[in-house]
Amino acid sequence: MHNDEFFIEKTKKLFEINTGWGDSSEWTNQDFVILSEKIQEHTGIALSHVTLKRVWGKVKYDSLPNTHTLDTLVQFLGYENWRSFKSQNGNGTTPAENIIPIPVASDIKEEQPATGKSTNRLKIILFIICVIALIAAITYTNKNTPPKVADNDYKFSSKKVVSEGLPNSVVFNYDATKSPYDSVIIQQSWDRHLQTKVSKNDHQHTSIYYYPDYYKAKLIVGGKIVSMHRLLIKSNGWLTAVTQSPVPVYFSKEEVIVNGKISLPIEKVQAKNVKLQPVTPDVLYANVRDFGEIYSDNFIFETSVKNDYKEGASICQLSKIYILCEGTAIYIPLCSKGCISSLDLLFTNYYASGKQADLSAFGVDFSSFVKVRIETANRKAKIFLNGKLVYSVNEDIIKAKIIGIDYTFQGTGSVDYVKLSNGKVNYEDDFNDASGGKLR
């Protein structure tokens with residue numbers, strides 16, 4: 001078997017074990033939809049259910065999956081990347097089973113027994129060896145079999161302290177008293193760094209959310225997600241922050257919405273004692289709200305942006321425009337022309353890396369505003385810069401409800417206007433006031 005094919009088959013088997021769903025040849029379309037969601041929750045990377053069905057041979061596809069897909073699959077299983085997975089799992093040939101060897105008479109180098117007593121002694125020795133091997137195998141199996149965890153044994157819910165605005169504390173209510181372990185884990189989102197270990201005998205835990213977004217909170221027992229629910233943290237209009245850990249630096253609407261633009265002068269960033277070198281932080285403008293019935297596969301988005309800082313480590317002026325959706329996202333990258341290799345682009349289930357694809361069209365001159373237009377229809381997309389079509393996404397786009405618009409600028413940047421519509425929903429903001437835009 002081809003080296004990569006062997007490891008792909010091994011990956012499938014590990015997924016069968018990890019999910020507990022059994023033989024993947026019997027998985028349904030809905031199983032792959034759910035698996036797609038689970039992978040994104042664990043890794044932060046979207047792989048569509050169609051892509052997964054191709055890997056599993058449910059959809060005809062003649063070539064092997066690309067490295068990005070394979071990296072994501074094994075990251076879900078806890079490995080760093082595909083290369084690491086292969087190096088830790090043999091050389092691509094079918095491994096021998098882990099069987100405890102039991103010697104047979106031909107393996108015991110003794111002289112031909114002279115009497116019946118010698119033959120009986122040999123049989124007794126073989127019998128004892130078999131019994132010891134069997135006991136060892138059973139003990140090993142029992143020791144390494146994890147306790148069973150049933151999803152319906154657990155309860156998990158939450159309530160926000162404030163309906164919108166940041167920071168926002170969330171009170172999680174849970175019942176994990178049937179856990180076979182002393183503690184369980186509450187995870188705030190897909191990010192595994194935002195995990196907190198709590199006692200199985202307690203019933204409440206409070207977490208703080210510092211950024212607006214669509215989250216999926218999880219209760220995890222013994223490494224298994226036993227309960228999960230959606231959590232929409234709204235921004236209450238435009239939120240401006242310098243992103244840093246553990247707590248971002250916030251700015252008021254009055255500080256940033258001036259003269260028909262949303263803009264944060266670098267002097268105001270420095271006034272908050274934010275260090276710009278040697279690592280330049282990002283400035284975030286975010287508006288997460290209920291936009292109504294508008295979805296990722298059918299909308300028009302227009303905006304005009306400019307990165308305003310080009311010093312030291314910010315020489316590339318990396319910038320991104322995000323369309324946040326339930327369970328997925330769209331982001332369009334922009335940067336100075338010489339830095340396009342560092343870019344990547346995401347359109348729900350479609351991903352392109354500047355190291356493997358030509359994203360040179362997204363290298364721009366930020367000496368003036370750059371007009372960006374995104375059009376999606378019939379589950380396909382077109383991206384325009386300054387009125388010119390620069391990129392098309394011809395793969396099927398996942399349909400997901402749009403819940404937010406984000407801009408991130410390395411250093412700082414400005415936005416002149418934003419419009420989002422589908423003919424029925426019409427949202428626009430020209431930043432002439434701090435209302436957060438008009439929705440009609």
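Rg and Dmax of segment 297-387, both derived from C-alpha coordinates alone, stand at 13.2, 43 Å. Taking the Kirkwood radius as Rh and the Cα radius of gyration as Rg, the chain has a ratio of Rg/Rh equal to 1.10. For segment 172-249, lysine pairs separated by 8 or more sequence positions, or belonging to different chains, with Cα-Cα distances below 21 Å total 13. Over 21 Å apart: what share of the alpha carbon pairs of segment 3-87 falls there, rounded to a whole percent? Value for segment 3-87 (Cα pairs over 21 Å): 19 percent. The Cα atoms of segment 151-233 give a gyration tensor whose axes a ≥ b ≥ c have a/c of 1.5 or more with a/b greater than b/c, which makes the shape prolate. Relative to the longest principal axis of the Cα atoms of the chain, the long axis of helix 29-43 makes an angle of roughly 70 degrees.
Hey, which of these cross-link pairs are over 22 Å Cα-Cα: LYS275/LYS337; LYS261/LYS320; LYS399/LYS424; LYS53/LYS382? Pairs exceeding 22 Å: LYS275/LYS337; LYS53/LYS382. Scaled to the globular estimate 2.2 N^0.38 Å, the Cα spread of segment 284-440, given as radius of gyration, is 0.99.
Net charge of the neighbourhood of GLY260, taken over other residues with C-beta under 15 Å away and scored Lys/Arg +1, Asp/Glu -1, is -1. Among the trypsin sites (Lys or Arg not before Pro) in segment 57-86, those placed in a DSSP loop whose Cβ has at most 12 other Cβ atoms within 10 Å are LYS60.
Sequentially through segment 235-250, phi angles give Karplus couplings (6.51, -1.76, 1.60; θ = phi - 60°) of 9, 6, x, 7, 9, 10, 8, 8, 7, 7, 10, x, 10, x, 9, 8 Hz, Gly and Pro residues having no value and appearing as x.
The C-alpha atoms of the chain define a longest principal axis, and helix 67-76 lies at about 70 degrees to it.
Working note: Karplus 6.51/-1.76/1.60 with θ = phi - 60° gives segment 359-370 the couplings 10, 4, 5, 8, x, 10, 9, 8, 5, 9, 5, 10 Hz, where Gly and Pro are set to x. Net length available on complete extension from LYS148 to ASP290 is 47.1 nm, with 0.36 nm assigned per residue and the Cα-Cα distance removed.
Residues whose amide H lies under 5 Å from that of TYR215, counting only those 5 or more places away or on a different chain, are LEU231, LEU232, ILE233; hydrogens are built 1.01 Å from N in the peptide plane.
What the phi angles of segment 379-393 give under the Karplus curve with 6.51, -1.76 and 1.60, with θ = phi - 60°, is a coupling list of 6, 10, 9, 10, 10, 10, 10, 6, x, 10, 5, 10, 7, 10, 10 Hz, glycine and proline written as x. Amide H to amide H distances under 5 Å link TYR391 with ILE383, where only residues 5 or more positions off or on other chains count and H is placed in the peptide plane. Dipole check for segment 282-351: with +1 at the C-beta of Lys and Arg, -1 at the C-beta of Asp and Glu, and the Cα centre as origin, the magnitude is about 320 Debye. Specify the angular offset, from 0 to 90 degrees and rounded to the nearest 10, of the alpha carbon long axis of helix 3-19 from the longest principal axis of the alpha carbons in the chain. Taking the Cα atoms of the chain, the angle to 3-19 is about 90 degrees. Can you give the net charge of the other residues whose Cβ lies under 12 Å from the Cβ of ASP175, counting K and R as +1 and D and E as -1? It works out to a net charge of +1.
Of the peptides 21-30, 311-320, 156-165, the ranking by mean beta-carbon count within 10 Å, highest at the top, reads 311-320, 156-165, 21-30.
Distances between placed amide hydrogens fall under 5 Å for LYS200 paired with SER183, VAL184, all partners being 5 or more residues away or on another chain.
Read the figures in this text as sums done on the coordinates, not as results from a lab. Only a predicted model underlies this, so the values are computations on that prediction, with no experimental measurement involved. Methodologically, a virtual Cβ is constructed for each residue, glycine included, from the backbone with ideal geometry; neighbour enumeration extends over all protein chains shown.
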